[in-house]
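What follows draws every value from the coordinates through simple rules; no lab data is involved. Treat the numbers as computed from the prediction; the structure is a model and nothing was measured. For neighbour counting, all protein chains shown are included, and Cβ atoms are generated from backbone atoms with ideal geometry for every residue, glycine included.
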Amino acid sequence: MALIVKKFGGSSVADATKIKKVAQIINNRVNEGNKVVVVVSAQGNTTDELIALAREVNPKPSAREMDMLLATGEQISIALLAMALDAINIPVISLTGPQVGIVTDTEHTKARIKGIETSRIDKELNENKVVIVAGFQGRDDQNEIYTLGRGGSDTTAVALAAALKADICEIYTDVDGIYTCDPRVVPEASKLAEITYDEMLELASLGAKVLHPRAVELAKLYKVPLCVRSSFINKEGTFVVENLEKEIVVTGVAYDLNVAKIGLFDVPDQPGIASKIFNTLAKAKVNVDMIVQSAMRNNLNDIAFTIPRSDLDTALELMKKTGEAMKVSDVVFDDKVAKVSIVGAGMISSPGVAAKMFDVLANEGINLEMISTSEIKVSCIIKEEDAIKATQVLHKAFELDKI
Ligand code: ADP
Ligand code: ASP
Ligand code: MG
């Protein structure tokens with residue numbers, strides 16, 4: 001008997017027929033004698049629709065009320081799935097994140113799980129029930145509701161698997177595994193049998209939304225056996241593992257459109273200036289990604305950096321104030337940029353990978369506005385309109401269709 005955590009994404013529970021199909025998948029596992037905990041996302045595009053509705057009534061809704069609203073999406077799914085299991089005589093109970101005792105920090109709309117109380121789930125499992133948990137949500141110690149950021153149900157599943165010491169965490173979605181690139185953008189992308197936690201963490205952080213980055217981080221930290229597979233076809237998925245026998249130089253390509261660039265011109269060249277700029281952003285919980293400082297001239301520098309586009313309004317307002325205090329000549333922004341990245345654990349020992357990437361993009365006439373590298377990735381900021389083309393040509397140039 002195994003303890004299995006299964007997570008079903010929004011497309012897997014989009015309508016009544018799909019919910020019944022998910023109930024059958026769970027039924028099979030229960031009949032094999034396993035204990036099953038299930039995490040579900042909001043149905044289909046529910047979260048997007050709720051966000052649009054909120055903006056109709058208030059263009060700048062408060063983060064707290066957004067959490068109150070968005071958490072309802074997952075509550076609909078858990079109740080419906082519990083009803084579907086009950087209809088086929090499987091003992092079941094649905095629980096919201098707060099009911100389970102998923103305790104988060106206090107960052108509305110992008111909270112992080114701090115701990116999980118497992119006593120309620122343990123009790124229900126001991127009564128031989130399937131436990132259905134709402135993904136993407138938790139509470140703080142004051143019973144305030146928080147959500148975990150878009151795609152956060154994956155993180156609920158991995159965190160539960162870690163807390164319950166589950167034998168496996170299976171992420172069911174609308175693709176049958178992790179591919180060398182989003183198969184919707186590159187149809188000839190190859191399905192990977194396995195990928196390392198480190199590579200998957202990079203791909204997820206760089207825009208491959210098949211897994212939430214924090215989910216991969218937790219899986220690596222707590223050594224949770226993790227796999228991604230299809231809700232619709234019964235096929236072996238992709239396993240996320242510690243190491244691979246043979247390292248691949250480039251494993252995947254990802255692109256991210258949730259990027260904006262801010263530039264401050266003629267910033268005084270003095271100690272403490274960068275610290276002031278980036279501490280201001282950090283205090284507002286704006287995640288800064290790439291930073292470029294130009295060569296100094298006349299004791300002045302230009303500083304440019306990228307942030308999530310979703311944080312642009314907040315960051316721009318702060319930078320205008322900070323820039324004014326520092327007497328910079330201008331604060332500019334560009335919200336039509338994108339990031340394209342290649343990832344691979346074998347890059348460390350294979351020189352020339354970055355140069356090849358720059359060559360490929362140059363041959364397409366694509367201008368590189370910023371570059372950043374780590375041991376296992378190279379990322380470039382380019383114009384948003386070039387993102388898809390760049391992704392496709394890089395995939396081809398590194399022969400990822402032949403993996
Ligand atoms: P869910 O609602 O099940 O969480 P998501 O839409 O969040 O599903 O994630 C699945 C989607 O991720 C796929 O439909 C696919 O378009 C996209 N995707 C992006 N990069 C990859 C990749 N490298 N491999 C597989 N899918 C990817
Ligand atoms: N429903 C949330 C979203 O759409 C969480 C998730 O699906 O993982 O982002
Ligand atoms: Mg997802």
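The stretch 28-90 and the stretch 188-229 have their alpha-carbon centroids 23 Å apart.
Per residue Cα convex hull volume for the stretch 101-152, in cubic angstrom? Here the figure is 69 Å³ per residue. Here the 3J(HN,Hα) profile of the stretch 216-221, calculated from phi with Karplus coefficients 6.51, -1.76 and 1.60 at θ = phi - 60°, is 5, 4, 5, 4, 5, 4 Hz, Gly and Pro shown as x. Spin-label model, Q293 to S350: label points 7 Å out along the Cα-to-beta-carbon direction sit 3.5 nm apart. Across the stretch 150-160, rounded Karplus estimates of 3J(HN,Hα) from the backbone phi angles (6.51 cos²θ - 1.76 cosθ + 1.60, θ = phi - 60°) give 3, x, x, 5, 4, 5, 4, 5, 5, 4, 5 Hz, Gly and Pro being marked x.
Cross-link check: pairs K220/K377; K35/K220; K209/K339; K339/K396 evaluated at a Cα-Cα cut-off of 20 Å; pairs beyond the cut-off: K35/K220. Dipole size of the chain about its Cα centre, with +1 on Lys/Arg Cβ and -1 on Asp/Glu Cβ: approximately 500 debye, rounded to the nearest 20.
How big, on average over all directions, is the shadow cast by the Cα convex hull of the stretch 24-128, in nm²? Taking the Cα atoms of the stretch 24-128, their convex hull projects to 7.6 nm² on average.
Can you tally the net charge around T104? Count Lys and Arg as +1, Asp and Glu as -1, for every other residue whose Cβ sits under 12 Å from the Cβ of T104.
-1
Restricting the calculation to Cα atoms, the chain yields a radius of gyration followed by a Dmax of 22.5, 77 Å. Considering only V286, V100, V133, the Gaussian network model of the chain with Cα springs below 10 Å gives its largest mean-square fluctuation to V286. Stokes-Einstein D for the stretch 44-202 at 37 °C, 0.692 mPa s, Kirkwood Rh over Cα pairs, in µm²/s? Here the translational diffusion coefficient equals 189 µm²/s.
Here is the P(r) of the stretch 3-55: all C-alpha pair distances, binned every 10 Å from 0, give 23, 43, 23, 9, 2 in whole percents. Once the convex hull of all Cα atoms in the stretch 233-280 is built, its volume per residue stands at 260 Å³. Its convex hull of Cα atoms gives the stretch 243-338 a direction-averaged projected area, equal to a quarter of the hull surface, of 8.4 nm². Just checking the listed ones, R139, R229, R120: in the Gaussian network model of the chain with Cα springs under 10 Å, the one fluctuating most is R120.
For the stretch 265-403, the orientation-averaged shadow of the C-alpha convex hull comes to 10.0 nm² (one quarter of the hull surface). Taking each of K6/K383; K246/K283; K320/K356; K191/K223; K6/K356 in turn, the alpha-carbon distance tops 31 angstrom for K6/K383; K246/K283; K320/K356; K6/K356.
For the chain, the residue among L80, V13, F239 whose Cα projects farthest onto the positive side of the dipole built from Cβ charges is L80. Residues of the stretch 192-211 falling in the label zone of E245, defined by backbone nitrogen less than 13 Å from a point 7 Å along Cα to beta-carbon, are 194.
Using only side-chain charges placed at the Cβ, +1 for Lys and Arg and -1 for Asp and Glu, the dipole size of the stretch 85-221 relative to its Cα centre rounds to 220 debye.
Between S94 and I132, the built amide H atoms are under 5 Å apart, and every one of these is 5 or more places off in sequence or on another chain.
Compared with the dominant principal axis of the Cα atoms in the chain, helix 387-397 is inclined by about 80°.
Straight-line reach from K165: which aspartates and glutamates have Cα under 18 Å away, leaving out those fewer than 8 places along the same chain? The reachable aspartates and glutamates, counting only those whose Cα sits under 18 Å from K165, are E117, D122, E124, D154, E217, E242.
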